[in-house]
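Take a look at the structure set out below.
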Amino acid sequence: MMTPIPIDGPAVEPIGMPDMRAYLRLDDGAEDDLIAALVKTARVHVEAAAGRVLVESRWRMGLDAWPEGRVVPLPVSPLIAVERVRVFDRDGGAIDVPAGLYEADPFKDPPRLVVDPLAPEPGRRRQGVLIEVRAGYGANPESVPAPLRQAVRLLVARWFENRGDADPGPLPPDVLALVAPFRRMRI
């Protein structure tokens, strides 16, 4: 299985500072640094619980070789686009696979990349293929489904009100209920 590594982003969080300040009923920006850190942390927790990337960001994944059948399941969802596929030769030189030699299938769960038999084979034994993708619901906060945004708000509010009081533990039931319809199914 490939482990996705974030390259860039997201450029924005699913909840903006004015929205979060209003939700917390704060009048000024005295706590903005803390709130920004809590929003980012809450987004990461919601993404992990849902198995989905909330806001558009770029990811990199590596394979040792093409899988049998050359169908590569991608571990990030929802998939926006495959940006680059590179194969490395025996000496470590990178070869960009032309876009015409692979096709993204974003509607599968997980999304997948179908690679043409004419695409070159990797020459090195480890990390012979690198794939870069963009994933997420979209580039702006409004692209993120409202229940997932609300899950982030609830986590931020809970953590803001209980700073350092207790171990955060697992996600609370109200947050899990908001995330549940978006969870990637695992069989």
Set Pro78, Pro111: member being surrounded by 13 or more Cβ atoms within 10 Å (Cβ to Cβ), in contact with a Ser or Thr (Cβ under 7 Å, 6 or more places away or on another chain) and on the phi < 0 side of the Ramachandran plot: Pro111
Residues of the stretch 17-37 that turn out to be surrounded by 11 or more Cβ atoms within 10 Å (Cβ to Cβ) and part of a loop (DSSP other than H, G, I, E, B), as a count: 3
Residue match in the stretch 131-149 (condition: more than 25 Å from Arg184 (Cβ to Cβ) and not aliphatic (A, V, I, L, M)): no
Which numbered condition Leu148 fails, given (1) on the phi > 0 side of the Ramachandran plot; (2) in the same structural domain as Leu176 (by TED's automatic domain parsing): (1)
Some residue of the stretch 16-36 being in contact with an Asp or Glu (Cβ under 9 Å, 6 or more places away or on another chain), touching a residue at least 24 places away in the same chain (Cβ under 8 Å) and within 29 Å of Glu83 (Cα to Cα): no
Residue, surrounded by the fewest Cβ atoms within 10 Å (Cβ to Cβ), within the stretch 48-72, restricted to residues that are under 18 Å from Pro181 (Cβ atoms) and in contact with a helix residue (DSSP H, G or I) (Cβ under 9 Å, 6 or more places away or on another chain): Gly51
Where a residue in the stretch 76-93 is more than 23 Å from Val46 (Cβ to Cβ) and its partner, wherever it lies, is surrounded by 14 or more Cβ atoms within 10 Å (Cβ to Cβ) and among the hydroxyl-bearing types (Ser, Thr, Tyr), with Cβ under 7 Å and at least six apart: Val82/Tyr102; Val85/Tyr102
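The values are calculated or read from the model by the stated rules, or taken from the named source; none is laboratory data. Since the structure is predicted, the reported quantities are computational estimates derived from the model, not experimental observations. Every residue, glycine among them, receives a Cβ derived from its backbone with ideal geometry; neighbour counts consider all protein chains shown.
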